[in-house]
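Okay, so here's the structure we're looking at.
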Amino acid sequence: MVLAEPVLVVFAGIFGAMLGSFLNVCVYRLPRNESVILPRSRCPGCGKPIAWYDNVPLLSYLALRGRCRQCGARISLQYPLVELATCMVWAGAVARLGPSLAAVSAAVFSTLLLGIALTDARHYVIPDEFSLGGLGAGIALSMAPGGISPLDAVIGAVAGFALLWAVKAGGDWALARGLIGGEELGQVLEPGEKPASLGGGDLKMMAMVGSFVGWRGVLLTAFLGSFVGVLVFLPLVLLKRRAPVPFGVFLAAGAAATLLAGPAILGWYASLLAP
Ligand SMILES: [Zn+2]
């Protein structure tokens, strides 16, 4: 436990909130293939551009009481919640790891996971900017001292992609032979479209995860993600509620747990094997 200067933790939190504001733009625009730079943010209600003083993370939402200044349309609570989450992630990383590249790596990774969970939950899409862009960031950050080595990052990326590729190949094989039905996965297919067990976004996402947490982290992420996914979706399947499974959301939860408690969980598991 490193005790960072409180002022550094505050600056990290402010930076995190600003990054969260940008993440909101990315989550809204990337699945629509829109530029995240231009045009400036507009109110979805009246279409008027949002002034900078109405676009201050967290504070503007509170000052405007969650409504557009021009037309009074409600602003989604998702915006301040994402800004609060990234604020706490960046402040927490610096408080726990000090002003270090390890803190930057943990905070960047968590921010990417949040973006992936949101786009996958809302649009069933994992943008390449998060998965492949994040893979580049993970490998670049591994070159800094303290974390996993660049070799471990590359091995982790290959392991993440290969593991999910194998799961997808097995799942697609079972689908093609009618052992499981695409409708059980909640998929709505276009005519002539083949059902797929996993999307390509999940594979690229796990390559990104592997570049941050290595191959052991990939295995733990896949295990925890599948475990949470089954816990959440088994009741829905039993109730015959058909909803597409945003697997990336559960993988993101598994990866976040791996980041926070991976060494502790793996150490506990090793102690069970060799008491
Ligand atoms: Zn408006």
Boolean, Ala95 is surrounded by fewer than 23 Cβ atoms within 10 Å (Cβ to Cβ) and aliphatic (A, V, I, L, M) | yes
Going by the conditions given, is Ile148 under 18 Å from Ala256 (Cα atoms), touching a Phe, Trp or Tyr at 6+ places or on another chain (Cβ under 7 Å) and crowded, with 18+ Cβ neighbours inside 10 Å?
-> no
If we scan region 26-44, do we find a residue that is under 30 Å from Pro99 (Cα atoms), touching a Cys at 6+ places or on another chain (Cβ under 7 Å) and modelled with pLDDT of 90 or more?
-> no
In region 57-76, what count of residues is obtained for those that are assigned to a loop (DSSP other than H, G, I, E, B), at negative phi and among the small types (Gly, Ala, Ser)?
-> 2
Does region 52-71 include one or more residues that are among the β-branched types (Val, Ile, Thr) and either within 16 Å of the ligand (Cβ to nearest atom) or in contact (Cβ under 8 Å) with a residue 24 or more places away in the chain (or both)?
-> no
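Take Ala95 and tell me if it is within 16 Å of the ligand (Cβ to nearest atom) and over 12 Å from the mean Cα position of the chain (by Cα). Before you say what the answer is, go through the steps one by one.
Numbers: within 16 Å of the ligand (Cβ to nearest atom): no; over 12 Å from the mean Cα position of the chain (by Cα): yes.
Criteria not met by Ala95.
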Per the filter on region 72-92, residues within 16 Å of the ligand (Cβ to nearest atom) and among the polar types (S, T, N, Q) are Ser76
Which condition breaks for Ser131 when tested against (1) exposed (fewer than 15 other Cβ atoms within 10 Å of the Cβ); (2) assigned to a helix (DSSP H, G or I); (3) not aromatic (Phe, Trp, Tyr)?
-> (1)
Based on what the data block shows, is Ser35 of a type in the set (S, T, N, Q), without any contact (Cβ under 8 Å) to a residue 12 or more places away in the chain and either within 16 Å of the ligand (Cβ to nearest atom) or assigned to a helix (DSSP H, G or I) (or both)?
-> no
If you go through region 69-91, how many residues are in contact with a helix residue (DSSP H, G or I) (Cβ under 8 Å, 6 or more places away or on another chain) and over 16 Å from Val27 (Cα atoms)?
-> 6
Any pair with Cβ under 6 angstrom, 6 or more apart, that starts in region 218-243 at a residue that is aromatic (Phe, Trp, Tyr) and ends at one that is at pLDDT 90 or above and not in a helix (DSSP H, G or I) = none
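The values are calculated or read from the model by the stated rules, or taken from the named source; none is laboratory data. The shown structure was predicted, so the numbers you read here are calculated from the model rather than taken from an experiment. All Cβ positions, even for glycine, are placed from backbone atoms using ideal geometry, and neighbour counts span all protein chains on display.
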